[in-house]
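First up is the structure itself, then whatever we jot down about it.
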Amino acid sequence: MSSQRWDLAFIVRDDFYVTGDVFSTFSPEQNGGWTDLHSPEYIERYGTNPVWRDYRRNHKGGIPPQKTRKTCIRGDKICGNPCPICRDPNVIVHHQNVKLLQQFISPHTGMLYDPTRTGVCMKQQKKLHVAINTAKDHGLLPFEIPFVEFSGEDYSNSHDAVGSTPPPPSLTSGDTWYKWYGEITPDENEVAKVKKTYKAYLKSAN
């Protein structure tokens, strides 16, 4: 098999992932990664379970932390008991590594598992979120779009809110714009207070 083409190969590296008859320039021999998630090396370490299945984080007390750590690798230092992705250099998130991404997606809802369930750090959780969205945009991962049935009323311009504005009524001298405004009788006491307050600004009636 040529190194430029990998049929049904699931590359667990962040350089490239191919499946089926997609061509790739990725060479697993040069990057040292697994060429198949069903390889003996992968099965010997994880079996048929996801990479996060048997992971347990060490913590103080009987109550586990509500959030996972921000990152497992800070510079050249690796924290104790790193997350399932940071502990294995052969497992690197990439949007074309569909088989790996499917391990972190719920088969019932199609949503990404919460990091408190998988145990991945927040840095790798963000990478998973970006990789899954990119894979969906490229058509590598299926996703459901809710069906919305549109009716003709949604696009009609006969409704008052979207229809044409009626022309203004022809007003005669002394008529108000709103008919209900002419039926209001103001309180004489309130009118007297307003006139007294703004007496200096009111024009004298001649």
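The values are calculated or read from the model by the stated rules, or taken from the named source; none is laboratory data. Computed from a predicted model, the values in this text were never measured in an experiment. Positions of Cβ are backbone-derived with ideal geometry, glycine not excepted, and every protein chain shown enters the neighbour counts. Side chains included, ligands, DNA and RNA excluded: accessible areas come from the protein's heavy atoms. Shrake-Rupley method; radii C 1.70, N 1.55, O 1.52, S 1.80 Å.
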Under 18 Å from a point 7 Å along the Cα-to-Cβ line of Asn133: which residues of the range 84-108 have their amide N that close? 93-97, 101-102, 104-106
Per the rule of 0.36 nm per residue minus the C-alpha distance, extending Trp180 to Val194 adds in nm 2.8 nm
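Hey, any idea what % of the range 36-108's accessible area is carbon plus sulfur with a 1.4 Å probe?
About 51 percent, which is the carbon plus sulfur part of the accessible surface.
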With the crude spin-label approximation of a point 7 Å out along Cα→Cβ, what separation in nm comes out for Lys126 versus Thr48? 3.7
Between Asp88 and Ser151, what is the label-to-label distance in nm when each label sits 7 Å out along the Cα-to-Cβ direction? 5.3
Stretchable slack from Phe143 to Lys203, in nm (0.36 nm times residue separation minus alpha-carbon distance): 14.4 nm
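Count neighbours as other Cβ atoms within 10 Å of each site's Cβ, and list the chymotrypsin sites (Phe, Trp or Tyr not before Pro) in the range 44-106 that are DSSP loop with at most 13 such neighbours. Write out the running numbers ahead of the final one.
Working: sites: Tyr46, Trp52, Tyr55, Phe104; in loops: Trp52, Tyr55, Phe104.
Counting only loop positions with at most 13 other Cβ atoms within 10 Å, none of the chymotrypsin sites (Phe, Trp or Tyr not before Pro) in the range 44-106 qualifies.
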